[in-house]
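Single-structure report; data block below.
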Amino acid sequence: MRFLFTSLQTYESEFYGIVQRDLEQRGHETAHVTVSRAAARELREQGLRAWCLHDLIGELPSADLTNEVARIESTYPIPHLRDVYRGDYAIAGWDELPSQQRAVDTFRALERIFDDVQPDVVCPEVGNEGIRVTAHTIALARNIPTLFLLFTIFPKPLRVYADTVHARAVDPGEVRELTSGEREEVEAFRRSFTERAKPIRDYRRVPIEWRRVGVLKNHIAQKTREDGDNEYLRPWRLLETNVSEKARALAARPFYDHLSADRPFVYFPLHVTDDYKIKRIIPHAVDQASLIEQVADALPSGYDIVLKEHPMSVGRNSVALLRRLRKRHNVKLVNAYTSTHELIERSEAVVVIGSTVGLEALLYDKPVLTMGDPYYAGYGVTLDLTSFVDIRERVPELLRFQPDPERIRRFLHAMMRSCFPGKPLLVDRSPENARVIASTLELAATHVRAKHTVGALSP
């Protein structure tokens, strides 16, 4: 099979270079387009087929922008060109014409690569960046499967989706009666997970440390040499971000509350605000403060809603947001390093937009209300909100809801059966994990090409 990878730069490009080499040793063909000129050169020095996106753009013949916008909008399954680039942080604040030109150039360059490589499978990271969204869009129009790697809590922690990241985790028919062996398997997992009581991802650190000085120096050197036109390589912005995030993390401390032992609460884990899904798939849920206020107002007298920042958002949430969240007398914000397991156990129920915390709460047989249609909604083990208009009715209903423990077991085992070995790059960038990912991609690509599946894949 022929695999086409896309990446931005640095460790991402290096990781997928390892995946490429492993797949080629298995007899497959691979190709790689990266935004970074330095990364493309390093990949080629390893004997891999790789291009820099900007070099490809530089080789394009001139073309009329208006005509190209019209061609792309009529060729691809998008409502308009803006839909492709609107979430890309590298061009935030750009005017429309340069944004359109950049998007058109990206389409034309990647179209050339698709024509040349003729990929059987496309493998971008999940994200809003232009190269990722464009590669996915071209693949959809050409009926080429796109594989996305997503993280979950199970012993084999990788979910693999084809062509979309917004779909149910398993076919409802897979939520079936369990054998005695399967029941023991899922119970063993539950015991192990809850007794360990550790976060599934390490908390994000926001120190100012010497290690980051070395990273900054390397980024500056790259920016002043090969990668001057790489919009994603922004060393001075990186430094500014590190300093401001450290300051915000310190400024957040006075907003943290201690939990009262005599007030029941529902637990609401804050979502990562720049997450791909919340920005692109469910943008109606991006204003978390509004949703939290509505949940707080819907709670009966005497109940609190307890919030905790996402591990990857420590230092990223503004003081203005935290101040707004705490204006309601029954809204409490706990320290970001408070145990999620403790909060789940002490809570009366859990409310999520799409957080994995909702799935973790099922391991404790807790009532869960979903607001953003996550992959574990719709199986009868959670209450699911289809319209924010219903918040006032559904929140009191949540406090009366008792999920069926047996159905939870069946659903959890169906999830366990559907997952693959390996972890996404942002969770584990080790060479060993890259080789596991290569094996999983090979298996998933074989499956999706045989069955033309859209959505979640199973081993």
Practice problem: Could you state the angle between the C-alpha long axis of helix 180-196 and the longest principal axis of the C-alpha atoms of the chain, as a value from 0 to 90 degrees rounded to the nearest 10? | Solution: 90
Quiz item: Residues with amide H under 5 Å of Asp384's amide H, sequence separation 5 or more or different chain, H placed in the peptide plane at 1.01 Å from N; which?
Solution: Thr370
Self-check item: Solvent exposure of the chain as accessible area per residue, Å², 1.4 Å probe
Solution: 44
Quiz item: Over the heavy atoms of Val319, what accessible area does a 1.4 Å probe trace out, to the nearest 10 Å²?
Solution: 40
Practice problem: Using only Cα positions of the stretch 297-339, each an equal point scatterer, no hydration layer, compute I(q)/I(0) via Debye at q = 0.14, 0.16, 0.21, 0.33 Å⁻¹ and quote the log10 values to two decimals. | Solution: -0.36, -0.46, -0.73, -1.21
Quiz item: If the cut-off is a Cα-Cα distance under 19 Å, which lysines reach Lys308, setting aside same-chain residues fewer than 8 apart in sequence?
Solution: Lys198, Lys246, Lys327, Lys332, Lys366
Exercise. Would you mind computing, in nm to one decimal, how far apart the modelled labels at Phe401 and Ser318 are, each placed 7 Å from Cα along Cα→Cβ?
Key: 3.2
Self-check item: Lys, Arg +1 and Asp, Glu -1 on Cβ, resulting dipole of the chain about Cα centre, debye, nearest 20
Solution: 1060
Self-check item: Highest average packing first - 261-269, 413-421, Cβ atoms within 10 Å
Solution: 413-421, 261-269
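What full-extension length gain, to one decimal in nm, is calculated for Ser339 and Phe388 as 0.36 nm per residue of separation minus the Cα-Cα distance?
On the way: separation 49, 0.36 × 49 = 17.64 nm, distance 2.86 nm.
Full extension of this stretch gives 14.8 nm more.
Determine, for each peptide in 149-160, 32-43, 280-291, the mean count of other beta carbons within 10 angstrom over its residues, then list the peptides with the highest first. If you can, show how the numbers build up before the last one.
On the way: 149-160: 19.7, 32-43: 23.6, 280-291: 15.8.
The densest-packed peptide leads the list: 32-43, 149-160, 280-291.
Tell me, what % of the accessible area of the stretch 17-161 is carbon and sulfur with a 1.4 angstrom probe? Mind dumping the intermediate values first?
Details: 2620 of 5810 Å².
Whole-percent figure for carbon plus sulfur exposure: 45.
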Exercise. Please list the radius of gyration and Dmax for the stretch 251-309, considering alpha-carbon atoms only, with Å as the unit.
Key: 13.4, 40
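Take the Cβ-Cβ distance between Lys246 and Thr66 as r, set R0 to 51 Å, and report the resulting FRET efficiency rounded to the nearest 0.05.
Numbers: r = 46 Å, r/R0 = 0.90.
With a Förster radius of 51 Å, E is 0.65.
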Quiz item: Relative to the compact globular guide of 2.2 N^0.38 Å, what is the alpha carbon radius of gyration of the stretch 49-203, as a ratio?
Solution: 1.40
Quiz item: How large is ³J(HN,Hα) for each residue in the stretch 391-406, as worked out from phi by the Karplus curve 6.51 cos²θ - 1.76 cosθ + 1.60 (θ = phi - 60°), to whole Hz, x for Gly and Pro?
Solution: 4, 4, 8, 6, 5, x, 4, 4, 5, 9, 6, 10, x, 6, x, 5
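What is the extension gain from Ala197 to Arg183, computed as 0.36 nm multiplied by their sequence separation minus the C-alpha to C-alpha distance, in nm to one decimal?
Numbers: separation 14, 0.36 × 14 = 5.04 nm, distance 2.11 nm.
Stretched fully, the Ala197-Arg183 segment lengthens by 2.9 nm.
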Quiz prompt | Cα-derived Rg to Rh of the stretch 303-459, Kirkwood definition | solution = 1.02
Quiz item: Which order, highest average first, do 446-452, 57-63 follow once you tally other Cβ atoms within 10 Å for each residue and take the mean per peptide?
Solution: 446-452, 57-63
Quiz prompt | Those residues of the stretch 288-332 whose amide nitrogen sits under 15 Å from the label point placed on Tyr364, 7 Å along Cα→Cβ | solution = 304-309
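Can you tell me the length gained on complete extension of the stretch Leu259 to Arg346, counting 0.36 nm per residue apart and subtracting the Cα distance? Provide the component values of the computation, followed by the final result.
On the way: separation 87, 0.36 × 87 = 31.32 nm, distance 1.01 nm.
Length gained between Leu259 and Arg346: 30.3 nm.
What Kirkwood Rh does the chain have if only Cα atoms enter the pairwise 1/r average? Answer in Å.
Numbers: mean 1/r = 0.0421 Å⁻¹.
After inverting the mean inverse Cα-Cα distance, the result is 23.8 Å.
The values are calculated or read from the model by the stated rules, or taken from the named source; none is laboratory data. No experiment lies behind these values; they were computed from the predicted model shown. No Cβ is skipped: glycine too gets one built from the backbone with ideal geometry, and neighbour counts run over all protein chains shown. Please note that ligands, DNA and RNA were not included when accessible areas were found on the heavy atoms of the full protein model with its side chains. Shrake-Rupley method; radii C 1.70, N 1.55, O 1.52, S 1.80 Å.
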